[in-house]
Every structure is written in structure tokens, then in C-alpha cells.
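Visitor: I'd like to ask you about the structure that follows.
The values are calculated or read from the model by the stated rules, or taken from the named source; none is laboratory data. These numbers were taken from a predicted model, which means no experiment stands behind them. Cβ coordinates were reconstructed from backbone atoms using ideal geometry, including for glycine residues, and neighbour counts include every protein chain displayed. Note: areas computed on protein heavy atoms with side chains; ligands, DNA, RNA excluded. Shrake-Rupley method; radii C 1.70, N 1.55, O 1.52, S 1.80 Å.
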Amino acid sequence: MRQWLKSTRGHHFWQQWLNKRLPAARQVTLGHRSIFILPTGFGLAWVVMVLVLYLFGTNYQNNLIIGLGLFMLSLFITSILVCYRNLAGIELSALPIPETYQGNTLGVPVWLTSRHQNHHLQLYYDPKLSVTVATLDNEGHEAQIPYIAVRRGHIEPPRLTLASVYPLGLCRAWTHVNLANAFWVYATPIATKTRQQSLVTDNHLSGKGAPMIGADEFMGLRHYVRGDSLNMVAWKQWAQGKGMQVKQFHQPQGIPQWLTLPPLTGQAKELAISQLTYKINELIQQQICVGLAIDDLRLEPDNSESHRIRCLQALASVPMSRRDIDE
């Protein structure tokens, strides 16, 4: 227990120090304040060999052995400078993250540019899922960093690690950057063939926001496309020499459909959230107005893309208790 507290406090202190030295930013240029460098295991063995050669050379007064030791030492020092230069000047920029669902492995896009060529850079959130970039230039390169979306909700990914052991593997230069690229992870869509009890087609929830049933509303004209119905052609405009145009109408969807999240816990609640996520995507894809009710939250019926995103975010942000997680 004491060891766990020490490790937790140490991690907290390390994160606080990183936040001060490397604050979150959508664009980061690596420099001496953001690059760390230490010898690798091979590098430490190299230094030990230099010391052994120096001791043997001075003890036996052998200039050849001393010269070899000094040559190895110069290679080690040069490796430090080259390894640092391999990261210095790299500019990282956060890019928009595509829509993702819980349980998927997404590629977090990062744009990298550099004033000079760099070799064998590793980028990762998880060391087991690293991406290697062989070369960089000032034209830029997009890297897709794998990230497993384990939890739903508004996710702030951990700091992105950029590391290199170029050129000889004697030293490792690395950095941990926070690109301020938080994103939403939606619940896993699960289809259900049975009619959900949470699906309500009455108007008692919709209030004033419900679309009214009525005649189609004229929206405007567009150019005729092969396959369009001739009944929709604006013949009056065609007779006036304006070419073949087609009338467009807005077709109301009638009574909106309301989705509600029942009061469940544990895996049953997660299943209901996943089914509602699937249902929202399905209905809005069919241009059906959908309203969502979660406790005191009411999202009025709509069938726009922005409304779909708001509904998915509302479902993803439903809190999970410790009991829900353990089940």
C-alpha cells in the first residue's frame, strides 16, 4: 500500500511538472525545454567499455587502447548531439479526430513538419501500438497514432510520446506533448430487432418543438437529373426557355419519435445506451425527427446532423458509477 501511494504521488508530481514545462497546445514546436535525453542500456554499456579501455590503456601505458577509448567517447558525445537534433525543430499539430465508438481502435491524426530530415521517429500513446516515421521535411507528414477507445464519454488522451534512438542507439531522446485534442467516444451501437419500450410516438413529450403534420412545403428549384420524375418538372420555367428544372419540396415526417433512457444500472444500462445510439443513427439516417429524453434533459425532435451529434454526446456523457464499472 505504501509503495502504491509513493508511485501515485510520484506520477502526480511528474504530471504537474510536465503541465508546467509542456502546457497543452494545439501546436507544439520541439526545443531544448521539451526534449529529454538519456543513455540507453546499450549506451551505458558503451560508457563502461570506454572506462575499461581507459583503465587498461593507462595501466599498461598503451596509447592505442587509450586512443580507441577516446574514439568511442567521441562517438558517444556525437550521438547525444545527433539524437537531440533528430527531434529538435519538429512541429506537431493536432488535426480533427474522426467519429469513433467505444471499443474501436482509432487513428488519432497528427501533422508533423520539420526543417530538416529526421529518421526513425516513434510516436505512440501506448508503447505496444507505436507508429514509426522514417523521414520528415518541411512539406509535412500526417501520422495516424493508434488509440483504443476503452471508455465512452469526452476523452482526453494521454500525452503523446515522440521518441528516437537515432543514429547508433546509444541515447534515447523523447518528449511527451499534450496536443489538447480531446474528443468524444460514443457508445457502441447495438442493433435490436425488438421494439424498445423507450420508444414513444406520442406528442406529450414534444411540446412546442414537435413538427406539425401538413402539406409539403415548396423549397425551390434545381437542375433536372436523369431519373427524376417528370411530374416534378417545372414546365412553366421550361417553356420560358430556362431549361429543365425540378421542384423541391420539404416533406414533414409527421409525429416525431421520442427515445428515452430507462432507469437501469450496470450492464443493462450500458446495453440500453448502446441500443439508443444505434436507433438514433438509424432514424436520422432515414430523415425521421428524433427527440431524446435522459432524466431532466430534453433534446427536441430534429433530424439534422448536428442534432444527431448532440444526442450521441448526451448518451456518451451519461455517468457510470463504480458499481456499473465493476459489473
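Visitor: Across region 285-310, what is the number of residues that are aliphatic (A, V, I, L, M) and within 24 Å of the chain's Cα centre (by Cα)?
Guide: 1
Here's the yes/no breakdown for (1) surrounded by fewer than 13 Cβ atoms within 10 Å (Cβ to Cβ); (2) in contact with a Ser or Thr (Cβ under 8 Å, 6 or more places away or on another chain); (3) farther than 25 Å from Gly140 by Cα:
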{"site": "Leu64", "(1), (2), (3)": "yes, no, yes"}
{"site": "Gly69", "(1), (2), (3)": "no, no, yes"}
{"site": "Met72", "(1), (2), (3)": "no, no, yes"}
{"site": "Cys83", "(1), (2), (3)": "no, yes, no"}
{"site": "Gly103", "(1), (2), (3)": "no, yes, yes"}
{"site": "Ser114", "(1), (2), (3)": "no, no, no"}
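Visitor: Something else about it: Give all pairs with beta carbons closer than 8 Å in which a residue from region 38-67 that is farther than 24 Å from Ile80 by Cα meets a residue that is open to solvent by 60 Å² or more (accessible area, probe 1.4 Å) and of a type in the set (A, V, I, L, M, F, W, C); count only pairs at least 6 apart in sequence or on separate chains.
Guide: Gly57/Leu64; Gly57/Leu68; Asn62/Phe56
Visitor: Out of curiosity, is His12 exposed (fewer than 11 other Cβ atoms within 10 Å of the Cβ) and in a helix (DSSP H, G or I)?
Guide: yes
Visitor: Just a yes or no: is a residue in region 122-129 open to solvent by 30 Å² or more (accessible area, probe 1.4 Å) and in contact (Cβ under 8 Å) with a residue 40 or more places away in the chain?
Guide: The answer is yes; a qualifying residue exists.
Visitor: With the requirement that a residue be part of a loop (DSSP other than H, G, I, E, B) and either modelled with pLDDT of 75 or more or open to solvent by 60 Å² or more (accessible area, probe 1.4 Å) (or both), what does region 225-254 give you?
Guide: If the condition is that a residue be part of a loop (DSSP other than H, G, I, E, B) and either modelled with pLDDT of 75 or more or open to solvent by 60 Å² or more (accessible area, probe 1.4 Å) (or both), then Val225, Arg226, Gly227, Ala234, Gln240, Gly241, Lys242, Gly243, Met244, Gln251, Gln253 are the ones that fit.
Visitor: Scan (1) out of contact with any strand residue (DSSP E or B) (no Cβ under 9 Å at 6 or more places or on another chain); (2) more than 19 Å from Leu121 (Cα to Cα) for the single condition Ile97 breaks and write down its number.
Guide: Single failed check for Ile97: (1).
Visitor: Restricting region 25-48 to residues that are among the aliphatic types (A, V, I, L, M) and closer than 21 Å to Tyr166 by Cβ, which is surrounded by the most Cβ atoms within 10 Å (Cβ to Cβ)?
Guide: The qualifying residue surrounded by the most Cβ atoms within 10 Å (Cβ to Cβ) is Val28.
Visitor: Could you name every one of the strands (runs of 3 or more DSSP E) located completely within region 143-223 that has at least 2 residues being buried (at least 19 other Cβ atoms within 10 Å of the Cβ) and modelled with pLDDT of 90 or more?
Guide: In region 143-223, 160-164, 171-177, 183-186 are the strands (runs of 3 or more DSSP E) which contain 2 or more residues that are buried (at least 19 other Cβ atoms within 10 Å of the Cβ) and modelled with pLDDT of 90 or more.
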